[in-house]
Amino acid sequence: MTGRPRRCGWLDLPLLRYSNEINGTEWLVVTKMDVLDSFAEIPICTGYRIDGKSTDTIPADVSGLEKIEPVYTKLEGWETSTEGTTEFDRLPKAAQKYFVSLKRSRAPASAWSPPARTGSRPWFCPGSRQPWTGCTPTDRID
C-alpha cells in the first residue's frame, strides 16, 4: 500500500449484466473493498436516461452513447475500516447490505477476496450457488 488516496469509479450494473451476458461470466469478485471504507454513501449505477427515457439495459447501438446519463441509487456507506476482515459476518452491516444489493440486482454471483496478506481464502456472497464453508449469513440483514 502506498498510502496515497485512491480514486473510485462507481459500479455500473447494466454494463456489468451486459458483460456477463456476452462473456458468460458467473462471478463478480470484489477486491480492495477498503477503497469504499471512507464514503458516507456509495452510488451504484442502476440504469440510464437516454433522451429523457429510462432504461436498465445498455443500448445495443454505440451511436449516441454520449447522450447516456447514468441513474444512480445511493447506498449507505460504512465509514469504518474493513481492512483485515476475513468473514462476511464481521463486515459492517452497510457493507453486508452492499453485497446483498448486488445479488438482488441480477448481477453475477458475488465473491469477496480478502487481501492476500491475510492468508484467508475468498468467500461467497450469501445465497450464491456455491457458498463458502462456514459463511452462513442470510439475505436478511437488519
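The values are calculated or read from the model by the stated rules, or taken from the named source; none is laboratory data. Treat the numbers as computed from the prediction; the structure is a model and nothing was measured. Here Cβ is always computed from backbone atoms with ideal geometry, including for glycine, and neighbour counts include all displayed protein chains.
Observations
- Within segment 68-79, one or more residues are among the acidic types (D, E), assigned to a strand (DSSP E or B) and in contact with a helix residue (DSSP H, G or I) (Cβ under 6 Å, 6 or more places away or on another chain).
- Any chance R90 is at pLDDT 80 or above and within 18 Å of the chain's Cα centre (by Cα): yes
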